[in-house]
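Structure, as structure tokens:
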Amino acid sequence: MRILLFCDDQYHPGQISIDGIEPLKAKGFVIDVVRDGTNFNPEQLTDYSVVVISKCDHITAENTNSWKSDIIQTAFVDYVERGGGLLVVHSGTVAGQNTEKLDMLIGCRFSFHPSDSPVTVGALKPHPITEGVNVFCEIDEHYHIDILASDINVLTASYAPAQGESNKYETEPYFNFPAHITPSCYVRTQGKGRVCVLTPGHTLKVWLNSDFQQLLENSLFWCSGININ
């Protein structure tokens, strides 16, 4: 399966996503990478079974201008509606100032996260994406998201414990943040295509967790429409 990975922004070095998805190459995945968000032709999207966005609306880590032009957003919508697969990981849920078209396709927007903490992820229901995925826990940014789409099917939830005075942040919403459970994987469809969102993934250790790797692999197959059973 041929995958196109978009990665690299000010807060999420692209090498984390690149190294995190690397183990899937041993399973036959071919992965091309776009780090500069303006350095690709939108027509390239049709060359790939699934496109992965692990990148907020920054051109690169050094250039925080927007890469999600209206032309690029329209290309993503057309790609999915014609049958393409879209997998959005962690920072890919972070919206820009004028990214509504792509935000609606993704189905959510990042809201905020408390400071890094132990985040436990577990499946809520049987689904091809949760097959073989055990409950796992890693230190991560516990993303909170605002749901935009009405058709999302939540497959996993994540839990982070309350954070008290030992928290390294001293201002709300980070200080004394209560325990919280939030969706961490969901799927939706648009046109002929499939969209999956995974909110974990701030560190390489999360990406390389064996259960996250299984979640990632299953998500790619599901987004592609390939039956893995």
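A few comments on the model shown:
- Exposure proxy for 129, 72: other Cβ atoms within 10 Å of each Cβ, ordered fewest to most, give 72, 129.
- A Gaussian network model of the chain, with springs between Cα atoms under 10 Å, assigns the largest mean-square fluctuation among 84, 14, 191 to 191.
- Each Lys or Arg adds one and each Asp or Glu takes one away; over the other residues whose Cβ falls under 10 Å from the Cβ of residue 139, this sums to -3.
- Formal net charge of residues neighbouring residue 73 (Cβ-Cβ distance under 12 Å; K, R +1; D, E -1): -3
- Comparing 37, 28, 193 in a Gaussian network model of the chain (Cα springs below 10 Å), the most mobile by mean-square fluctuation is 28.
- Summarised as an ellipsoid, the chain has semi-axes of 26, 21, 17 Å, derived from the eigenvalues of the Cα gyration tensor scaled by 5 and square-rooted, with the largest first.
- Over segment 32-166, the pair-distance histogram of Cα-Cα distances with 10 Å bins from zero comes to 11, 36, 34, 17, 2, 0 percent, rounded to whole numbers.
- Beta-bridge orientation, the chain: approximately 60 percent antiparallel, per DSSP, counting only bridges with both partners inside.
- Chain lengthening between residue 147 and residue 135 when straightened (0.36 nm per residue, less Cα-Cα): 2.0 nm
- Added length on full extension, which subtracts the Cα-Cα distance from 0.36 nm per residue, residue 157 to residue 32: 42.0 nm
- Working from Cα pairs under 8 Å separated by at least six residues, relative contact order for the chain is 21 percent.
- With the simple spin-label model, which puts each label point 7 Å out from Cα in the Cβ direction, the residue 204 to residue 41 separation comes to 3.4 nm.
- Taking the number of Cβ atoms within 10 Å of each Cβ as an exposure proxy, the fewest-first ranking of 206, 89, 135, 33 is 135, 33, 206, 89.
- Full-stretch length increase - residue 104, residue 71 - with 0.36 nm per residue and alpha-carbon distance subtracted: 10.3 nm
Read-outs: derived from the displayed coordinates by stated rules, not from any lab. Keep in mind that what you see is a predicted model, and the values were worked out from it rather than measured. All Cβ positions, even for glycine, are placed from backbone atoms using ideal geometry, and neighbour counts span all protein chains on display.
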